[in-house]
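Remarks on the structure that follows.
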Amino acid sequence: MKIETLAVHAGREIDKTTGAVQEPIHLSTTFHRDENGELASEFIYSRSGNPNRRALEKCLASLEGAAECAAFSSGMAAANAVFQALEPGAHVVLSNGYYGTGKMLMDVFTRWQVECSVVDTSDLGAFRKSLRKNTQLVWIETPTNPMIRVTDLDAVSAHAHSVGAKVVCDNTVGTPILQRPLEHGCDMSMYSATKFLSGHGDVLGGAIVSKENDEFFERVRTIQTGAGAVPSPFECWLTLRGIRTLPYRVRAHSENAMKVAAYLDGHGAISSVNYPGLENNPHHAVAKKQMKMFGGLLSIHLKGGRDAALRMASRVRLFTRATSLGGTESLIEHRASVEAPPAQTPEDLLRLSIGLEHPDDLIADLEQALA
Ligand code: PLP
């Protein structure tokens, strides 16, 4: 079936007792055994499994044609589970993308003898040089947040597998609608479900989607159910509700972002626009090869540097000054003010998450902010 149909139906079951078409929210933390000790279903205790979480996991696995999915309480909890599944002394190659992922590896896992190389994985030469004999994990983020760099997933996966490394793609910005990393050689996709998947800025969540139900994924599952960084039943329900409209929302985010990027690209106050949908963007060819559309996230460099960037952010009226991305409302943020090492985001950069407002209104707001 097509992805729109899967988004609506995957993980859906008519409630057996009431006939409810939308799944009830199962708040119970524990599940009854009969006099013979038999359980009524696969569920025992809600840290190890819950009907709403299972429905969300089935849906996400189905959207990617994957064997399995584990849902977490945040994107970072999902990433953390993969890092915890590594062997001691592992070397990890990481895209220079979302600063929180690199910070987690550097602050926590290097103390556990995990070595970490942060590289621009969109540069295949630099990526190949960073691989070592003990590289166990290649963590690709594409497109990256906030520089919107695009990595060639087929090429990177082939090189990573040649040294025996697992490849995970942080597909938060692409979503399974625009990009299906498992079809480009990756072993797992990771999501911050906080963003486009739930899509309304009211849920914190994450997920690991795995091509195989292999030994490595089993370790991720053990960490999920054993440590319990799991989303609540209500958050799973909200995320699944968000996914039902994901294909249509992501297309609208992408169309709006394309129009906003094209407007900003010609503006005299802006030195460059990072958006792979623009034909003059250095990542356009790779993005076109592996993405259906180019997503709802872009960033811009202001000619007047940090001061001009802060001035523009202070003048917007329709855009909201806030962190995060992938919600219905457009957001703007000066990333250098909020990030920490290993990020090196330039001071002249503003990140824009393009929402579902009419693009003419967004452009009018940016125009008056830049005037
Ligand atoms: N990956 C990317 C690309 C992100 O943008 C973020 C958050 O901004 C995360 C991961 C972390 O997700 P969460 O905030 O849900 O833990």
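The values are calculated or read from the model by the stated rules, or taken from the named source; none is laboratory data. All values derive from a computational prediction rather than experimental measurement. Every residue, glycine among them, receives a Cβ derived from its backbone with ideal geometry; neighbour counts consider all protein chains shown.
Give me the residue from the stretch 77-94 that is closer than 19 Å to Ser192 by Cα and small (Gly, Ala, Ser) and, out of that set, farthest from the ligand (Cβ to nearest atom). Talk me through it step by step, then tell me what you get.
Step one: of the stretch 77-94, the residues closer than 19 Å to Ser192 by Cα are 77-85, 94.
From the residues that got through so far, the ones that are small (Gly, Ala, Ser) too are 77-79, 81, 85.
Numbers: Ala77: 7, Ala78: 8, Ala79: 7, Ala81: 12, Ala85: 17 Å.
Across the stretch 77-94, the extreme among qualifying residues is Ala85.
Please enumerate the residues belonging to the stretch 32-60 that are among the polar types (S, T, N, Q) and over 17 Å from Arg221 (Cβ atoms). Steps first, please.
Filtering the stretch 32-60 for residues among the polar types (S, T, N, Q) gives 36, 41, 46, 48, 50, 52.
Once the filter is applied, which keeps residues that are among the polar types (S, T, N, Q) and over 17 Å from Arg221 (Cβ atoms), the stretch 32-60 yields Asn36, Ser41, Asn52.
I'm told Asp360 meets every condition in (1) away from the ligand (no atom under 15 Å from the Cβ); (2) among the charged types (D, E, K, R); (3) touching a residue at least 40 places away in the same chain (Cβ under 8 Å) except one. Can you identify the failing condition by its number?
(3) is the only condition that Asp360 fails.
Cβ-Cβ distance below 9 Å, separation of 6 or more or different chains: which pairs start in the stretch 151-178 with a residue that is free of Cβ contacts under 8 Å to residues at least 40 places away in the same chain and over 15 Å from Phe127 (Cβ atoms) and end on one that is within 11 Å of the ligand (Cβ to nearest atom) and of a type outside the set (Asp, Glu)?
Pairs that qualify, where the first residue is free of Cβ contacts under 8 Å to residues at least 40 places away in the same chain and over 15 Å from Phe127 (Cβ atoms) and the partner is within 11 Å of the ligand (Cβ to nearest atom) and of a type outside the set (Asp, Glu), are Asn171/Thr142; Asn171/Met190; Asn171/Tyr191.
Give the stretch 303-355 a look and list any residue that's without any contact (Cβ under 8 Å) to a residue 12 or more places away in the chain and either under 17 Å from Val260 (Cα atoms) or hydrophobic (A, V, I, L, M, F, W, C) (or both), or say none.
Ala322, the sole residue that qualifies.
State all residues of the stretch 185-194 that are outside any strand (DSSP E or B), among the hydrophobic types (A, V, I, L, M, F, W, C) and farther than 23 Å from Ile354 by Cα; if no residue qualifies, say none.
Going residue by residue through the stretch 185-194, those that are outside any strand (DSSP E or B) are 185-187, 193-194.
Then drop every residue that is not among the hydrophobic types (A, V, I, L, M, F, W, C), which leaves 186, 193.
Selection gives Cys186 alone.
State yes or no: is Ile177 surrounded by 24 or more Cβ atoms within 10 Å (Cβ to Cβ), in a strand (DSSP E or B) and under 15 Å from the mean Cα position of the chain (by Cα)?
Numbers: surrounded by 24 or more Cβ atoms within 10 Å (Cβ to Cβ): yes; in a strand (DSSP E or B): no; under 15 Å from the mean Cα position of the chain (by Cα): yes.
Against the criterion (surrounded by 24 or more Cβ atoms within 10 Å (Cβ to Cβ), in a strand (DSSP E or B) and under 15 Å from the mean Cα position of the chain (by Cα)), Ile177 does not qualify.
Has the stretch 88-98 got any residue that is at pLDDT below 95 and either more than 22 Å from the chain's Cα centre (by Cα) or within 22 Å of Asn213 (Cβ to Cβ) (or both)? Reasoning before the result, please.
Initially, the stretch 88-98 is screened for residues at pLDDT below 95, giving 88-89.
Still in the list and also either more than 22 Å from the chain's Cα centre (by Cα) or within 22 Å of Asn213 (Cβ to Cβ) (or both): 88-89.
Scanning the stretch 88-98 turns up at least one residue that is at pLDDT below 95 and either more than 22 Å from the chain's Cα centre (by Cα) or within 22 Å of Asn213 (Cβ to Cβ) (or both).
Is the stretch 303-314 home to any residue that is under 27 Å from Thr194 (Cα atoms), of a type in the set (Lys, Arg) and either outside any loop (DSSP other than H, G, I, E, B) or in contact with a Lys or Arg (Cβ under 9 Å, 6 or more places away or on another chain) (or both)?
The answer is no, given that none of the residues of the stretch 303-314 is under 27 Å from Thr194 (Cα atoms), of a type in the set (Lys, Arg) and either outside any loop (DSSP other than H, G, I, E, B) or in contact with a Lys or Arg (Cβ under 9 Å, 6 or more places away or on another chain) (or both).
Search the stretch 274-302 for residues being touching a Ser or Thr at 6+ places or on another chain (Cβ under 8 Å) and assigned to a strand (DSSP E or B), and hand back the single one that is surrounded by the fewest Cβ atoms within 10 Å (Cβ to Cβ).
Here the answer is His301.
Answer yes or no as to whether Ser74 is within 18 Å of Asn171 (Cα to Cα) and within 14 Å of the ligand (Cβ to nearest atom). Write out each step before concluding.
Working: within 18 Å of Asn171 (Cα to Cα): yes; within 14 Å of the ligand (Cβ to nearest atom): yes.
Yes: the conditions hold for Ser74.
Quick one: count up the residues across the stretch 203-234 that are free of Cβ contacts under 8 Å to residues at least 60 places away in the same chain and closer than 25 Å to Thr5 by Cα.
1
Any residue at all in the stretch 211-224 that's more than 16 Å from the ligand (Cβ to nearest atom), in contact with an Asp or Glu (Cβ under 7 Å, 6 or more places away or on another chain) and at positive phi?
Among the residues of the stretch 211-224, not one is more than 16 Å from the ligand (Cβ to nearest atom), in contact with an Asp or Glu (Cβ under 7 Å, 6 or more places away or on another chain) and at positive phi, which makes the answer no.
Within the stretch 138-147, identify whether any single residue is within 14 Å of the ligand (Cβ to nearest atom), surrounded by fewer than 24 Cβ atoms within 10 Å (Cβ to Cβ) and not aromatic (Phe, Trp, Tyr), and answer yes or no. Talk me through it step by step, then tell me what you get.
Of all residues in the stretch 138-147, those within 14 Å of the ligand (Cβ to nearest atom) come to 139-147.
Filter once more, so that each one left must be surrounded by fewer than 24 Cβ atoms within 10 Å (Cβ to Cβ): 147.
The next check asks that each one be not aromatic (Phe, Trp, Tyr); those that pass are 147.
So far as the stretch 138-147 goes, yes, one or more of its residues are within 14 Å of the ligand (Cβ to nearest atom), surrounded by fewer than 24 Cβ atoms within 10 Å (Cβ to Cβ) and not aromatic (Phe, Trp, Tyr).
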